[in-house]
1. Taking the 0 to 90 degree range and rounding to the nearest ten, how far is the long axis of helix 149-160 tilted relative to the main principal axis of the chain, both from C-alpha atoms?
2. Using only the Cα atoms of segment 8-126, construct the convex hull and provide its projected area averaged over every direction, in square nanometres to one decimal.
3. So what are the three principal axis dimensions of segment 6-71 from its Cα atoms, in whole Å, longest to shortest?
4. Residue 196: which lysines have alpha carbons under 19 Å from its alpha carbon, excluding same-chain residues fewer than 8 sequence positions away?
5. In debye, nearest 20: dipole of segment 176-303 around its Cα centre with unit charges on the Cβ of K, R (+) and D, E (-)?
6. One-quarter of the Cα convex hull surface for segment 102-249, in nm²?
7. Straight-line reach from residue 92: which lysines have Cα under 17 Å away, leaving out those fewer than 8 places along the same chain?
8. Angle between the Cα long axis of helix 291-302 and the longest principal axis of the chain, 0 to 90 degrees, nearest 10?
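The values are calculated or read from the model by the stated rules, or taken from the named source; none is laboratory data. Predicted model, so just to flag it, every value in this text is computed and none were measured. Cβ atoms come from the backbone with ideal geometry, glycine included; neighbour counts cover every protein chain shown. Ligands, DNA and RNA are stripped out before the accessible areas are found, and what is left, the full protein with its side chains, is counted by its heavy atoms. Shrake-Rupley method; radii C 1.70, N 1.55, O 1.52, S 1.80 Å.
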Amino acid sequence: MIRHIIVENCSGIRIDRYLSDCCSEFSRSYLQKLLKDGGVSVDGRIVKSNYKVTKGEHILLEVPEAVEPEILPETMMLDILYEDEDIIMVNKPKGMVVHPAAGHASGTLVNALLAHCCDLSGINGILRPGIVHRIDRDTTGVLVACKNDIAHNAIAEQLKAHSITRIYYAIVHGRIQEENGTINAPIGRHPVDRKKMSINSKNGKSAITHYHVLQNFDRYTYVECHLETGRTHQIRVHMASIGHPLLGDTVYGPAKCPFPKLQGQTLHAGVLGISHPRTGEYLEIQAPLPEYFVELLEKFSLK
């Protein structure tokens with residue numbers, strides 16, 4: 001793609017800043033890389049980021065066409081909890097990313113599914129075949145993937161209608177006094193840290209989490225969380241908002257985890273219940289607690 005720009009009403013401004021203002025479709029870091037790689041010229045001369053523009057100059061951007069990366073099947077061990085011609089439900093292990101993204105081109109659940117399944121739905125494109133919902137890299141538990149577009153659309157409609165049963169298990173900091181509670185607080189992108197979510201976002205979407213205390217320990221509480229909605233990082237954000245962040249969650253909780261060997265938040269998607277996309281019958285699948293989770297509970301029970 002070639003982009004032509006005539007400098008107007010500006011002189012003495014660095015070209016990276018000028019392009020950032022007039023080419024909002026590109027990030028400033030991308031424009032700086034384009035400049036570094038020789039993809040920007042002024043009146044026929046290739047320039048770098050520190051070049052200062054002059055009114056009337058002609059800027060030419062040569063933007064390479066975006067190329068979708070090839071996602072390759074990878075044979076990996078899958079803990080399959082249920083499978084038929086329409087869907088597959090797996091118990092995702094800790095540390096596995098659901099689909100390829102920046103920094104995670106391989107070793108994802110999608111790579112494993114492509115090796116296992118003959119077909120996956122294509123609604124979400126080649127980077128996310130079959131994926132209709134996600135759980136975080138360090139969250140374990142049940143996740144459903146779809147083998148065809150009809151199944152994908154059916155599950156997506158259930159997610160939209162909040163009719164899917166989703167029960168998570170978590171260990172949180174502190175002792176929760178009340179046995180049951182509901183957190184009803186909208187969640188959106190954090191206003192400052194764009195990698196985080198927040199209940200303080202002006203553009204937040206409705207988010208509701210019901211929690212039930214399963215066991216109190218000296219410094220921690222074992223809870224069961226029922227989701228009415230499925231916002232990004234919902235349980236992590238909601239529990240932190242009431243002063244009980246998840247153990248191991250250094251994003252929304254203490255920056256230093258008291259258990260150095262613990263990898264990320266202590267959160268497990270234990271139950272997933274859906275209406276089967278073909279038969280309409282209710283299907284509920286459970287994933288047992290991972291070994292590390294059980295060991296923590298046993299350790300806390302002995303104190």
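1. Helix 149-160 sits roughly 80 degrees off the main axis of the chain.
2. On the way: hull surface 40.7 nm².
If I average the Cα hull's projected area over directions, I get 10.2 nm².
3. 45, 22, 18
4. Filter leaves 205, 256.
5. Working: 14 positive and 12 negative charges, 166 e Å.
For segment 176-303, the charge dipole is close to 800 debye.
6. Working: hull surface 40.3 nm².
Across all orientations, segment 102-249 yields a mean hull projection of 10.1 nm².
7. Correct list for residue 92: empty, as no lysines qualify.
8. It is inclined by approximately 50 degrees.
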